[in-house]
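Notes follow once the structure below has been shown.
The values are calculated or read from the model by the stated rules, or taken from the named source; none is laboratory data. In this text the structure is predicted, and so the values were computed from the model without any measurement. Note that each Cβ is placed from the backbone with ideal geometry, even for glycine, and that neighbours are counted across all protein chains shown.
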């Protein structure tokens, strides 16, 4: 699963050929979650509130880019990295 961004100890990843809806995975320490790109709602898992807030802020800044990466991943094309949250 390629890592597409990393910030403040949070890793953002996408699987190639993953199931719908378009989503990404976020990992922080031992916690993992899956977030819908369109709604930014948690599909599964858990992150501590502070980490989750940073992930949602980052994702809202990169939603269109995340959707474009989702299309690449769905077609098993190489993914590029997105800038971290600053």
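Details
- Only a single criterion out of (1) touching a residue at least 60 places away in the same chain (Cβ under 8 Å); (2) within 19 Å of residue 84 (Cβ to Cβ); (3) in contact with a helix residue (DSSP H, G or I) (Cβ under 7 Å, 6 or more places away or on another chain) is not satisfied by residue 40, namely (1).
- Figure legend. Inter-residue proximity from segment 66-83: first residues closer than 21 Å to residue 38 by Cβ, second residues part of a loop (DSSP other than H, G, I, E, B) and modelled with pLDDT under 95, beta-carbon distance below 6 Å, spacing 6+ or different chains. Indicated pairs: 73/16; 79/2.
- Extreme residue, modelled with the lowest pLDDT, among residues of segment 17-39 that are part of a loop (DSSP other than H, G, I, E, B) and either under 13 Å from the mean Cα position of the chain (by Cα) or at positive phi (or both): 17
- Subset of segment 40-76 [surrounded by 16 or more Cβ atoms within 10 Å (Cβ to Cβ), in contact with a strand residue (DSSP E or B) (Cβ under 7 Å, 6 or more places away or on another chain) and assigned to a loop (DSSP other than H, G, I, E, B)]: 47
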